[in-house]
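The values are calculated or read from the model by the stated rules, or taken from the named source; none is laboratory data. Only a predicted model underlies this, so the values are computations on that prediction, with no experimental measurement involved. So basically every Cβ, Gly included, is an ideal-geometry build from the backbone, and we count neighbours across all protein chains shown.
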2 protein chains.
Amino acid sequence: MINKLVAKIQKQNAPVVVGLDPMMKFIPKHIKDAAFEEYGETLEGAAEAIWQFNKAIIDNIYDIVPAVKPQVAMYEQFGIEGMKVFKKTVDYCKEKDMVVIGDVKRGDIGSTSEAYAVAHLGKVQVGSKSISAFDEDFATVNPYLGSDGINPFLKVCKEENKGIFILVKTSNPSSGEFQDRLIDGRPLYELVGEKVAEWGNECMGDDYSYVGAVVGATYPEMGKVLRKIMPKAYILVPGYGAQGGKAEDLVHFFNKDGLGAIVNSSRGIIAAYAKEEYAKFGEKNFAEASRQAAIDMINDINGALK
Amino acid sequence: MINKLVAKIQKQNAPVVVGLDPMMKFIPKHIKDAAFEEYGETLEGAAEAIWQFNKAIIDNIYDIVPAVKPQVAMYEQFGIEGMKVFKKTVDYCKEKDMVVIGDVKRGDIGSTSEAYAVAHLGKVQVGSKSISAFDEDFATVNPYLGSDGINPFLKVCKEENKGIFILVKTSNPSSGEFQDRLIDGRPLYELVGEKVAEWGNECMGDDYSYVGAVVGATYPEMGKVLRKIMPKAYILVPGYGAQGGKAEDLVHFFNKDGLGAIVNSSRGIIAAYAKEEYAKFGEKNFAEASRQAAIDMINDINGALK
């Protein structure tokens, strides 16, 4: 799956992933009105609004953007109905041949971690049958519990040709509270990065490992160090745009081959219509605004990489 | 909610929580056969088997055990059908007046962390309505992302009178890979414990905070230190029984008031029928075996606490 991701990034010349984090406040009024009219102000109504919103955006970006990253929390908060639309979104993106990174940040130990891996990347055994549950291509994983939490994911990735991105240095302001603390003179995130490289060595695609890392665009100097520590890990980079990460900061996350990183933007793309820059599209044409914002993001990053 | 948990523990004289982690291999054959006959070897069939298994155990322990801890991964792997039976289990336990600790180990930042908090402890806004999604009483939370990940949970806990248990020192063998690394001469888990105490200070119930901690029974010496660092935090203690934690190890997790800790057992209770000790019950009477195992566990722990 890492080979497919790399090939799609190269073909579309777009090291970009769009975060499908459909908060209700981002969804245009006409979509919410229609959904609530059909289903009432219910979880079903919210799920229908999210689905129509996602579908329009996917239809408008799938030919230029290689991957999407649905944030499961934004669906989980709507309960069963939310999880149904998460699954529907995953399936639809895969139909459109997009790579789907489930931003689930799961992490547990042993058989529990394996159950999460099965839920999002694998197949569950039911009697004599093997059945997929949510079936994303990649999942994000939290490393706090150590190898006992990661190894079950590696097992499932090997079986199913899937991949993971492990949280190393997150984009948020307080990520340093624990991640930056010095251990033998080096920050914790570097130690986690070393383990990512180690875990990744046994899980190689052609040029990159299917064990990647999450490193925030908001910490470019740390990205530079981590790039060297994990040369074969694809880096998923959140924090571009809304969180303050700039294109020129991103060069450090890439290797000399021009590969090795994929930059995420969520609200900067899906809620582009609400920004002054794209106001000319109007709320009704929100999905066209998203397409334009994606094009601009790709150009911005490719410009900085030259 | 922490007050309710403490009151229930005192009333039932049982500092014990039963982990509802229904792996298919634990479910007796007659239950699986009946479910598969009705629904086939499908996700619905698996969910029905889990539900019948859970319900029988709950019916047999609710009057002696104050709390349950369903492990969401074990449901999530069965997709939407699995999440439906997770919700059904949460609701049924609450009907039986048990405290429900959702073992979800979620953790993200800002609005995403808030969405997880809303999903599991709060209410989501849909138009003019506020609607609950999974609605557990407590949730477990991963601290790797720092305060940005925890604060949204605290906000929802305050609004909804709910609580969280933050992972501090997990019970698994590799938990030390990151958690034990020394920072200024002290292990990372102690720093996390200090933050738990700090976060907890602003979220006090009567005697205990509704910000608790997870510390594995398998590390009693560390438990002793953490008990002092977080005097007002309830400690959720996994690792008793199957993972090797013994009752005499558990005394360090309690305060002098005899409170402050709740010990989890999952397969030791729910799959008791498969152990030699309880074989006399027979597979058909698995739920009675679970009740006896719960009684024995309560006596074992209370004996050690004397």
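Step by step: first the residues of the range B:129-147, then only those that are among the charged types (D, E, K, R) and surrounded by 20 or more Cβ atoms within 10 Å (Cβ to Cβ), then the one that is nearest to the other protein chains (Cβ to nearest Cβ). Which residue is that?
By that ranking, first place goes to B:ASP135.
Total residues in the range A:219-253 satisfying the condition of being farther than 27 Å from A:SER147 by Cα, in contact (Cβ under 8 Å) with a residue 40 or more places away in the chain and in contact with an Asp or Glu (Cβ under 8 Å, 6 or more places away or on another chain): the figure is 1. Of the helices (runs of 4 or more DSSP H) lying entirely inside the range A:184-258, those containing at least 2 residues that are modelled with pLDDT of 95 or more and away from chain B (no Cβ under 14 Å) span A:188-201, A:220-229.
The residue that is farthest from B:GLU202 (Cα to Cα), counting only those in the range B:154-173 that are assigned to a helix (DSSP H, G or I) and more than 12 Å from chain A (Cβ to nearest Cβ), is B:GLU160. Only residues that are part of a helix (DSSP H, G or I), surrounded by fewer than 18 Cβ atoms within 10 Å (Cβ to Cβ) and without any contact (Cβ under 8 Å) to a residue 40 or more places away in the chain were counted across the range A:282-306, and they come to 3.
Pairing each residue of the range A:98-127 that is facing another protein chain (nearest Cβ under 7 Å) and more than 24 Å from A:TYR234 (Cβ to Cβ) with any residue that is part of a loop (DSSP other than H, G, I, E, B) and β-branched (Val, Ile, Thr), provided the two are 6+ apart or on different chains, yields C-beta distances under 7 Å for A:ILE109/B:THR170; A:VAL126/B:THR42. The residue list A:ALA56, A:ALA47 contains one member that is on the phi < 0 side of the Ramachandran plot, more than 10 Å from chain B (Cβ to nearest Cβ), in a helix (DSSP H, G or I) and of a type in the set (Gly, Ala, Ser), which is A:ALA56.
Restricting attention to the range B:11-27, the residues being touching a residue at least 12 places away in the same chain (Cβ under 8 Å) and either acidic (Asp, Glu) or within 14 Å of another protein chain (Cβ to nearest Cβ) (or both) number 8.
Residue-by-condition table, conditions (1) under 25 Å from the mean Cα position of the chain (by Cα); (2) at pLDDT 95 or above; (3) under 25 Å from B:VAL6 (Cα atoms); (4) surrounded by fewer than 19 Cβ atoms within 10 Å (Cβ to Cβ):
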{"site": "B:ASP21", "(1), (2), (3), (4)": "yes, yes, yes, no"}
{"site": "B:PRO28", "(1), (2), (3), (4)": "yes, yes, no, no"}
{"site": "B:TYR39", "(1), (2), (3), (4)": "no, yes, no, yes"}
{"site": "B:ALA49", "(1), (2), (3), (4)": "yes, yes, no, no"}
{"site": "B:ASN54", "(1), (2), (3), (4)": "yes, yes, yes, no"}
{"site": "B:ILE61", "(1), (2), (3), (4)": "yes, yes, yes, no"}
{"site": "B:LYS69", "(1), (2), (3), (4)": "yes, yes, yes, no"}
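Taken together, A:ASP148, A:ASP97 contain a single residue that is among the charged types (D, E, K, R) and within 20 Å of A:ASN264 (Cα to Cα), which is A:ASP97. Among the residues making up the range A:72-85, those that are under 14 Å from A:GLU44 (Cβ atoms) and part of a helix (DSSP H, G or I) are A:TYR75, A:GLY79, A:ILE80, A:GLU81, A:GLY82, A:MET83, A:LYS84, A:VAL85.
Annotation for the range B:91-109: no member residue is outside any loop (DSSP other than H, G, I, E, B), touching a helix residue (DSSP H, G or I) at 6+ places or on another chain (Cβ under 7 Å), farther than 17 Å from A:ALA115 by Cβ and basic (Lys, Arg). Residues in the range A:75-91 that are more than 8 Å from chain B (Cβ to nearest Cβ) and surrounded by 19 or more Cβ atoms within 10 Å (Cβ to Cβ): A:TYR75, A:GLU81, A:VAL85, A:PHE86, A:THR89, A:VAL90. When the range B:71-115 is limited to residues that are among the polar types (S, T, N, Q) and under 16 Å from the mean Cα position of the chain (by Cα), the one that is farthest from B:PRO15 (Cα to Cα) turns out to be B:THR89.
Using the structure shown, decide if A:LEU20 is in contact with a Ser or Thr (Cβ under 7 Å, 6 or more places away or on another chain) and not hydroxyl-bearing (Ser, Thr, Tyr).
For A:LEU20, the condition - in contact with a Ser or Thr (Cβ under 7 Å, 6 or more places away or on another chain) and not hydroxyl-bearing (Ser, Thr, Tyr) - is met.
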